[in-house]
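Shown next, in structure tokens, is the structure this report addresses.
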Amino acid sequence: MPYLKETYDLDEVLEDDRKRGLLRDAMKRYAEEAKIQLSYKNEQHILTELGEIPLEDAQGEEVGLDLTLTSEQLEAAVSPYFQRAIDIAKDLLHRNHVQGGDVTSLILVGGPTYSPILRRMLEEQVVRPDTRIDPMTAVAVGASLYASTIKVSEEVREATRDLAKVQLDLGYEATSVQPMEFVSVKLHANGQAPEGLMVELERMDGTWASGRKPLDAKGDVVEVELKEGRVNAFAVKVYDASGNHVACEPDQFTVIQGTQVSAATLPSNMGIEIYRREDDRRVFLLARGLEMNQSLPATGTLNGLRTSQDLRPGNSDDVVRIPIYEGGHDAPGSLAILNEHIYDARITGNDVPALVPAGSTVDVTIQTDRGSGRPVLMKVYFPHLDEEVEIEVASNTVQQEIDAGWLQSELEQCGQQLDELDEQEGSDEAAIGKARKELERLQQRFDQDPNDYDAKKEVVENLKKLMREVDR
């Protein structure tokens, strides 16, 4: 862009946001090609053909490119962005009390990590990157390995069972770093099978077999031999008392040797919104057990909470709302609105068998799924009733809707905070006035269509920005 500005009369284009954006988009192809070439060469010459760029400047001169870029220019342009990413990684290490020298392997993911500039900066500031893994396939390989460890749900297995076959239950680790692995084999509890069955596990390359072992409902454990660094596929063979082969299900399984796939972890801190009386704010309360990086599935607890109002049995108008949020490492104690609102769990008078007075103690449990870490179930226990209410968090409702009542409440809360700031001695009246105008704009945007998801999402994101300014 500096070259174009110096070479052509493009002030009108550069001063117009839309036209400047179109020009920038047109230049991306050349910039990307130059970036790739400068990863391996010291300089790259860019020369466009006449008419290749369909643009004329204010003097009617056709715009074209004829310039040479150097690796030093590329480094000056991209290193600030690389440094931001490295600083995030270093901050993560610092928060977890880890030094760069403690990192045994640094895996690069994505095309930009091919850059020798980035790799050199990482080596200088953190640790030398592990280049044995292809950055373009790392995520796909990891996802495939993880998917191989996830068992088919019991509901699916029950729905697809072929009861004409002997039904087996197999227990084994899908990945292993050991040369041997234990596999448990038994008859499925609901399956029908004749007496005197035998089972044999045979590696499909034909070089190892367990020999035949008795098969019954109690089961047995077989130690299988694994080939190192390989995908080991095994056939499961069942024989009757006469030695005849009997069809079974499942009839094969696989163990990947040389790789240990850890459980997926919770990507964010998860908790709920509570009202903090001492400063009249609604803040994020972290659920114990749902801290960032917990292995999935995870279960979190929040004990000693208090109900905000009465719940009269059979009265659907009595509602206690428990908003679930997720946030970053700085989420605990922060304003709830600054985090990501996931779902509003609701308890009404229809859910309780007796009166729950306002201020009653409750204990909350939140359970997540194994794959994404999304909440799937909330349990609310009322000690004085010895009663527990379960609330399912349906996957198709999470973040699919923004409750209009909740958003209106957050807008009002922001207004109250501005009132409090205005009353403080030495407050910045100009800044508060500016914030009030922005809040009025957001309220008007919301009032235009309180049922439009996109409009509400826009209001939420801008309200977060405003609340960060107000909360400073």
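General observations
- With contributions of -39500 (n - 2.57) from each DSSP H run of at least four residues, the per-residue ellipticity at 222 nm computed over the chain stands at -10000 deg cm²/dmol.
- Spatial separation of Cα centroids for region 65-114 and region 333-403, in angstrom: 41
- Placing a label point 7 Å from the Cα of Met180 along the Cα-to-Cβ direction, the residues of region 202-233 whose backbone N falls under 12 Å of that point are 222-226.
- Counted over the chain, the DSSP beta bridges are approximately 95% antiparallel.
- Answer label for log10 I(q)/I(0) by the Debye sum over Cα atoms at q = 0.05, 0.06, 0.13 Å⁻¹ (calculated), chosen among (i) -0.35, -0.49, -1.27; (ii) -0.18, -0.26, -1.23; (iii) -0.28, -0.40, -1.31: (i)
- Each part reduced to its alpha carbon centroid, region 303-317 and region 434-467 end up 30 Å apart.
- Put in order of Cβ neighbour count within 10 Å, fewest first, the listed residues Thr368, Thr265, Thr113 become Thr265, Thr113, Thr368.
- With K and R counted +1 and D and E -1, the other residues having a Cβ less than 15 Å from that of Glu6 yield a net charge of -4.
- Efficiency of FRET between Thr48 and Arg18 - r from beta-carbon atoms, R0 35 angstrom, step 0.05: 0.95
- With 0.36 nm allotted per residue and the present C-alpha distance subtracted, the Glu440-Met27 stretch has 144.7 nm of extension available.
- Per-pair calculated FRET efficiency, R0 = 45 Å: Glu425 and Ser316 via Cβ, rounded to 0.05: 0.45
- Ala241/Glu392 FRET efficiency (R0 56 Å; Cβ-Cβ; nearest 0.05): 0.70
- Across region 183-189, coupling constants 3J(HN,Hα) worked out from phi with the 6.51/-1.76/1.60 Karplus curve, θ = phi - 60°, read 10, 8, 9, 8, 6, 5, 4 Hz, and Gly and Pro carry x.
- With a threshold of 22 Å on the Cα-Cα distance, the over-threshold entries among Lys165/Lys227; Lys28/Lys90; Lys165/Lys186 are Lys165/Lys227; Lys28/Lys90.
FYI, it's all coordinate maths here, none of it is from the lab. Quick caveat, the model's predicted, so the values are computed rather than measured. Positions of Cβ are backbone-derived with ideal geometry, glycine not excepted, and every protein chain shown enters the neighbour counts.
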